[in-house]
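A quick write-up on the structure given underneath.
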Amino acid sequence: MLHHFAAVAVFLLAGLAVGIAALAVAWVVRPKRPTLLKLSTYECGLPTQGPTWVQFKSGYFLFALLFLVFDVETVFLYPWAVKFKALGLFAFLEMVVFIGILLLGWWYAWKEGAFEWK
Amino acid sequence: MASVETVFLSGDQWLKNWLFSWGMPESWVFLCTVVVYAVAVLLFVFANVIFLVYLERKVAGYMQQRLGPNRVGPGGIFQCVADALKLLGKEDIIPASADRGLFRLASLLIFIPATMLFVVIPFGREMIVADLNVGLLYFIAVGSTATIAVLMGGWSANNKYSLLGSMRAVAQMISYEIPLAFSLLGVIMLAGSLRMSEIVAAQKDLWFVVLQPVAFITYFIAATAELNRGPFDLPEGEQEIIAGPFVEYSGMRYALFFLAEYANLVSVSALAVTLFFGGWQGPWLPSWLWFVIKVYFMIFLFMWVKWTFPRIRVDHLMGLAWKFLLPVSLVNVFVTGTAIKLFQAMGW
C-alpha cells in the first residue's frame, strides 16, 4: 500500500519539475528588458488607484463557512457510502436522520438569506 | 489485436525485466518504472493539451459559423506549435508592486495537482499508475488544492482585476466542490469501493450513467464550474476583468496556468468516463483506445457547452450550487440508497 503513495510523491515532484523545466527553458530564450512602464500594474492603461490589498467583501467568508459545514459532512458520508451494501437497514436510517438534520440546517441557512449574493 | 491491446503492458514488463537484469533491488525497480510512468503520462497530457487548444478553437469556430485557425499548416494544425513558440519567447514580466515570491511560486504550484490527478486514472486494462484504495477521494482532495495556487497568483499580483478574479474563483470552486463530492456518492454506493479499478469493474454489464443519470448531470455541471469553463468562467471573464487571476502573468508563467487548465479538462473528463461511462471497457478496440475515444467525447461535450451558453450571473451561480445542485445531489443519494436496499430486500 505504502509504495502506491511513493508513486504519488513521484508525480508531485514530476509536476514541480515540469514547471521548473518550462521556466528554465523560457529563461534561456526570452528577452529581458524591463522598463518602469512595463513593470507597472496593469489597469487598462491608467495609473493604479489606491491599494489593492484591502479588507474584502464578507460574503465570501460566509460561503467559506457553509463550505466547511458541508465538506465535513462529505467526510462522514464517503466511508458510509463505501460500505453501504454491507451495512444493514439501521445504518441507512441513521444516515437518513443525519442528512435530515443537515437539510434542516440547510433550510435555515436559506431562510436566513445565507445563499443570497449581495 | 491482442498485441495492440497489451503494447503498453508488455513495454512495462520489458522495462522491469531489463532493470532486474541489472541486479537492482525491487524497490528501485519500482521507483524507476514510476518515473517512466510519470514521463509517459506527462507526454500524454502535453500531446493532448496541444491538440485540445487547437480543437477548442476549431470547435468554437464551427459553432460560431467561422473557420477557426486555418493558416499555419494544413487546416491550421500547427497553430498551437506557433503559439507555444511565441509564449516561450515572451518576456517574463513581474510587476514591481507584486509579491515576487508568491507570484513566482503560484505559477510553479499550479501544475502539481494537475499532474497528480493522473495517478489514479485507469488508462486501460491494468493501466493505472497506482490503484489507491482511496482513489476517488484522492482525486477530489488533490483536485481542490488547485484553488490555492489560483488564489496565490491572483492575490500576489497586486492588481485589482486579478484579486477580484481569484476571489471569484475561490468562491466558485468551493461552492461547486460540495455538489461534485455529493454527486459521486451514488456511484460509490453502487460500486462499493473508492478504488478506480473496482468502480470500472462494477460497470462491466451496465454503465453507471444509466443508473445514475442525475449524478452524471450534477457532476458535469459542477465539474464545468470547477474547471472555470464557460458558462461558469466568471473568474476569468475576459470582457469585465480581462483574465482574472492571470492578468499580470506573461510568457511561460501564463502558459503554465493555461496548460494546467487544459490538463484538468483532460483529467476531469477521464474521471467522468471512469465513473459513468464504463472506463476503458468496450468491444473490439483496445481498451486504451476506447478510453481515449470516450475522453474525447466528454471533452467535446465540455466544449459544446462552453461555446453554446452565455456567461452566468454571479448570484445565479451561487444560487445554482447551493439551492439547486446541493439538494438534488442529496436526494439522489437518498433515492440510490432506498433503491439498493429495496433490491437487496427482494434478493437481487
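The values are calculated or read from the model by the stated rules, or taken from the named source; none is laboratory data. Note that the structure is a prediction, hence the values are computed from the model and not measured. Cβ placement follows ideal geometry from the backbone for every residue including glycine, while neighbour counts extend to all protein chains displayed.
What is the one condition in (1) at pLDDT 85 or above; (2) under 25 Å from the mean Cα position of the chain (by Cα) that B:Arg66 does not satisfy?
(2)
Examine the stretch B:9-24 for a residue that is surrounded by 12 or more Cβ atoms within 10 Å (Cβ to Cβ), closer than 20 Å to B:Ile128 by Cα and of a type in the set (Phe, Trp, Tyr), and state whether such a residue exists.
Taking every residue of the stretch B:9-24 in turn, none turns out to be surrounded by 12 or more Cβ atoms within 10 Å (Cβ to Cβ), closer than 20 Å to B:Ile128 by Cα and of a type in the set (Phe, Trp, Tyr).
In this structure, does B:Ile50 turn out to be in a helix (DSSP H, G or I), without any contact (Cβ under 8 Å) to a residue 40 or more places away in the chain, within 14 Å of another protein chain (Cβ to nearest Cβ) and in contact with a Gly (Cβ under 7 Å, 6 or more places away or on another chain)?
For B:Ile50, the condition - in a helix (DSSP H, G or I), without any contact (Cβ under 8 Å) to a residue 40 or more places away in the chain, within 14 Å of another protein chain (Cβ to nearest Cβ) and in contact with a Gly (Cβ under 7 Å, 6 or more places away or on another chain) - is not met.
Does A:Tyr60 count as within 21 Å of B:Trp155 (Cα to Cα), surrounded by 13 or more Cβ atoms within 10 Å (Cβ to Cβ), within 7 Å of chain B (Cβ to nearest Cβ) and without any contact (Cβ under 8 Å) to a residue 40 or more places away in the chain?
Against the criterion (within 21 Å of B:Trp155 (Cα to Cα), surrounded by 13 or more Cβ atoms within 10 Å (Cβ to Cβ), within 7 Å of chain B (Cβ to nearest Cβ) and without any contact (Cβ under 8 Å) to a residue 40 or more places away in the chain), A:Tyr60 qualifies.
For the list (1) within 7 Å of chain B (Cβ to nearest Cβ); (2) within 25 Å of B:Gly135 (Cβ to Cβ); (3) within 26 Å of the chain's Cα centre (by Cα), I need the number of the one condition that A:His3 fails.
Among (1) within 7 Å of chain B (Cβ to nearest Cβ); (2) within 25 Å of B:Gly135 (Cβ to Cβ); (3) within 26 Å of the chain's Cα centre (by Cα), the lone unmet condition for A:His3 is (3).
Restricting to the stretch A:63-95, name every residue that is more than 7 Å from every other protein chain (Cβ to nearest Cβ), more than 30 Å from B:Ala171 (Cβ to Cβ) and either polar (S, T, N, Q) or touching a Gly at 6+ places or on another chain (Cβ under 8 Å) (or both).
Selection gives A:Lys83, A:Ala86.
The rows are residues; the columns are (1) aliphatic (A, V, I, L, M); (2) surrounded by fewer than 12 Cβ atoms within 10 Å (Cβ to Cβ); (3) outside any helix (DSSP H, G or I).
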| position | (1), (2), (3) |
| --- | --- |
| A:Ala6 | yes, no, no |
| A:Leu13 | yes, no, no |
| A:Pro31 | no, yes, yes |
| A:Pro34 | no, no, yes |
| A:Gln49 | no, yes, yes |
| A:Trp53 | no, yes, yes |
| A:Val72 | yes, yes, no |
| A:Leu77 | yes, no, no |
| A:Ala86 | yes, yes, yes |
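Tell me, which residue of the stretch A:88-118 that is of a type outside the set (Gly, Ala, Ser), touching a helix residue (DSSP H, G or I) at 6+ places or on another chain (Cβ under 9 Å) and not in a helix (DSSP H, G or I) is nearest to A:Val69 (Cα to Cα)?
That would be A:Phe115.
Here is a check on your reading of the model: is B:Leu317 within 26 Å of A:Val96 (Cα to Cα), touching a helix residue (DSSP H, G or I) at 6+ places or on another chain (Cβ under 7 Å) and either within 14 Å of chain A (Cβ to nearest Cβ) or not in a helix (DSSP H, G or I) (or both)? Spell out the reasoning first.
Numbers: within 26 Å of A:Val96 (Cα to Cα): no; touching a helix residue (DSSP H, G or I) at 6+ places or on another chain (Cβ under 7 Å): yes; either within 14 Å of chain A (Cβ to nearest Cβ) or not in a helix (DSSP H, G or I) (or both): yes.
Answer is no for this residue.
If you scan the stretch B:79-99, which residues turn out to be in a helix (DSSP H, G or I) and in contact (Cβ under 8 Å) with a residue 24 or more places away in the chain? If you could, list the steps in order and put the result at the bottom.
First pass over the stretch B:79-99, keeping only residues in a helix (DSSP H, G or I): B:79-88.
Of everything in the stretch B:79-99, those that are in a helix (DSSP H, G or I) and in contact (Cβ under 8 Å) with a residue 24 or more places away in the chain turn out to be B:Gln79, B:Cys80, B:Val81, B:Asp83, B:Ala84, B:Leu87, B:Leu88.
If the requirement is being among the basic types (Lys, Arg) and crowded, with 17+ Cβ neighbours inside 10 Å, which of these qualifies: B:Arg104, B:Arg71, B:Arg100, B:Arg66?
Exactly one residue qualifies, and that residue is B:Arg104.
Please work out which residue is nearest to the chain's Cα centre (by Cα), limiting yourself to the stretch B:107-131 and to residues that are within 16 Å of B:Tyr254 (Cα to Cα) and crowded, with 24+ Cβ neighbours inside 10 Å.
First pass over the stretch B:107-131, keeping only residues within 16 Å of B:Tyr254 (Cα to Cα): B:107-112, B:114.
Then drop every residue that is not crowded, with 24+ Cβ neighbours inside 10 Å, which leaves B:107, B:110-111, B:114.
Numbers: B:Ser107: 18, B:Ile110: 13, B:Phe111: 12, B:Ala114: 7 Å.
Filtering first and then ranking leaves B:Ala114.
Search the stretch B:252-272 for residues being at pLDDT below 90 and farther than 17 Å from B:Thr145 by Cα, and hand back the single one that is farthest from the other protein chains (Cβ to nearest Cβ).
So, considering only residues that are at pLDDT below 90 and farther than 17 Å from B:Thr145 by Cα, the one farthest from the other protein chains (Cβ to nearest Cβ) is B:Tyr254.
Go through (1) in a helix (DSSP H, G or I); (2) surrounded by fewer than 22 Cβ atoms within 10 Å (Cβ to Cβ) for B:Arg311 and report which single condition fails.
(1)
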